[in-house]
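Everything on this sheet refers to the single structure shown next.
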Amino acid sequence: MVEELKSSLPVLETKLSELSSKKTDLIKKSLQMRASQNVRSMDTVSEIGIDSMVFNTYDSIVDKIMALEDHVDALAELSEKDEVEAEFRKMEKQSKIDSELSKVKENLKDETETG
């Protein structure tokens with residue numbers, strides 16, 4: 001499962017980048033729509049239903065982008081934790097090896113002194 005998440009991280013990062021770009025475009029379009037909305041009368045815009053449709057769609061897209069960002073952050077955090085745990089396991093193994101090596105050296109030292 002973790003490996004699958006790790007392998008999907010680059011794809012998600014690419015998608016996040018694309019969505020971020022699209023988000024910027026949508027923000028620009030939204031600002032343009034708001035500016036044009038100020039020019040038109042509120043009654044006309046409300047009759048057509050442009051304001052609620054555009055902003056509902058925009059809000060939905062922003063929510064999806066934020067959810068994807070959260071997902072990518074979680075994946076990155078999982079990946080970091082795995083790397084830290086692996087490093088700790090490696091250090092524990094090295095510590096055990098060093099301990100065993102010290103015992104062997106001590107035994108050899110004792111044998112040469114008594115022998």
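The values are calculated or read from the model by the stated rules, or taken from the named source; none is laboratory data. Every value quoted in this text rests on a predicted model; they were computed, and no experiment measured them. Note that we place each Cβ from the backbone using ideal geometry, even for glycine, and neighbour counts take in every protein chain shown.
A few points about this structure:
- Among the residues of region 105-115, those identified as part of a helix (DSSP H, G or I) and loosely packed, with under 10 Cβ neighbours inside 10 Å are GLU111, THR112, GLU113, THR114.
- Residue in region 84-115 that is farthest from the chain's Cα centre (by Cα), counting only those that are at pLDDT 85 or above and of a type in the set (Gly, Ala, Ser): SER102
- Here the condition is being of a type in the set (A, V, I, L, M, F, W, C) and at pLDDT 75 or above; of VAL39, VAL45, VAL11, VAL54, it holds for VAL11 alone.
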